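The values are calculated or read from the model by the stated rules, or taken from the named source; none is laboratory data. Everything numeric in this text was worked out from a predicted model, so none of it was measured. Cβ placement follows ideal geometry from the backbone for every residue including glycine, while neighbour counts extend to all protein chains displayed.
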Amino acid sequence: MVTIEVNGRQLTVKQNLSVLQACLENDIYIPNLCFMEDMPHPPASCRLCFVEVAGMQRPVTSCTVKVAPAMVVKTDTPAVRRLQRSGLRFLLSVHHVDCQNCPANKNCELQRLARFLKIGLKPKHLENHLQDIAIVENHAYLTYYPNRCVLCAKCIHACRMSHGHSLISFVGRGFNTSLSFAGICDFEQTACNTCRSCADICPVGALVLKTACER
Ligand code: SF4
Ligand code: SF4
Ligand code: FES
C-alpha cells in the first residue's frame, strides 16, 4: 500500500494502481472516457483524465501514471479543467450531436462530461468535422454509428474479454479511424446476439443492438 495526497486528502491505496483508479476508488471523480479497470494498457485516447502531480512540469493523464509514495495530486486546478474542456470540445467537434434521436440519450457519458465540465454539447463557435462515412449495418445484430464513436476502444476490449479475441477492430488512421465488423463469420455474428458486451460497454450511442424488426 502507498499513501498519496489528492486535493489535500490523504489516501492509502494499492501500490500498482493508476492515479485515476486510486481517485475513482476513493470517490474523487476525474473525467475519463477510455479507461477500463481490467485493461492492462490504457489507450489514453480521450485526453480527458488530466491531473497535476507535484514535481511534474505539465498536467499528466492520470490513467497512465501509477501512484507512488508521498505523491501529491490535484484534480481540479484551472490548468486541468482547461485541458479537460478542450479535450471534450475536440470530441464534440467530431461528434454528431443529435441526442433526441440517439438511444444513449440521458445515459450518455458525453452528456455527463459536458454537465460536469459545464460546457454545452454544441458549444458556440465550435466547427464540426464529421466523417464522411456511412452508418455500418452489415452485422446481423449491431449497428455502428461512426460519427457518434469516441474511439475509446472499450468495445474491442470487452469483446476480447468475452471471446478470447476481439471480433471487432479499428480500421483507418487518425481522423478517419472507425470500427469494422469485417471478418466476422455468420456463426460469430450469432454469438453476438447473446453476448452484447460491446454494446453494453459503449459509453455513448455508437454501437447499438438492432431491434427485432431491424434484423
Ligand atoms: S452519443 Fe450522447 S451526446 Fe451523442 S447524440 Fe447520443 S446522447 Fe447525444
Ligand atoms: S463503438 Fe462505443 S465503445 Fe466502441 S470505440 Fe466507439 S465509442 Fe468506444
Ligand atoms: S481515461 Fe485517461 S486518456 Fe482517457
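Applying the criterion of being within 12 Å of ligand 3 (Cβ to nearest atom) and in a helix (DSSP H, G or I) to the residues of the range 61-88, the residue that is farthest from ALA114 (Cα to Cα) is LEU83. Beta carbons closer than 9 Å, at least 6 apart along the sequence or on distinct chains, pair a first residue in the range 85-104 that is outside the structural domain of CYS202 (by TED's automatic domain parsing) with a second that is aromatic (Phe, Trp, Tyr) and at pLDDT below 95 for VAL94/PHE175.
Counting only residues that are under 18 Å from PRO146 (Cα atoms), at pLDDT 95 or above and more than 16 Å from ligand 3 (Cβ to nearest atom), how many does the range 109-129 have? Result for the range 109-129: 2. Across the range 161-214, the qualifying residues are those that are polar (S, T, N, Q) and away from ligand 2 (no atom under 15 Å from the Cβ), and the one among them that is surrounded by the fewest Cβ atoms within 10 Å (Cβ to Cβ) is THR194. Could you grab me the full set of residues in the range 116-175 that are assigned by TED's automatic domain parsing to the domain that holds ALA199 and of a type in the set (Lys, Arg)? Answer for the range 116-175, where residues must be assigned by TED's automatic domain parsing to the domain that holds ALA199 and of a type in the set (Lys, Arg): ARG148, LYS154, ARG160, ARG173. Of all residues in the range 153-162, those being within 16 Å of VAL204 (Cβ to Cβ) and either without any contact (Cβ under 8 Å) to a residue 60 or more places away in the chain or in contact with a helix residue (DSSP H, G or I) (Cβ under 9 Å, 6 or more places away or on another chain) (or both) number 5.
Residues in the range 87-111 that are away from ligand 2 (no atom under 14 Å from the Cβ) and over 19 Å from LEU130 (Cβ atoms): LYS106 only. Whenever a residue of the range 163-184 is farther than 17 Å from LEU151 by Cβ, its partners that are acidic (Asp, Glu), lying with C-beta atoms within less than 6 angstrom and at least six residues away or across chains, give the pairs LEU167/GLU188. Residue-level analysis places VAL94 among those that are touching a His at 6+ places or on another chain (Cβ under 6 Å), among the β-branched types (Val, Ile, Thr) and more than 12 Å from ligand 3 (Cβ to nearest atom). Output the number of the condition that GLN111 fails; it satisfies all remaining conditions of (1) within 16 Å of ligand 1 (Cβ to nearest atom); (2) assigned to a helix (DSSP H, G or I); (3) in contact with a Phe, Trp or Tyr (Cβ under 6 Å, 6 or more places away or on another chain). Result: GLN111 fails condition (3) only.
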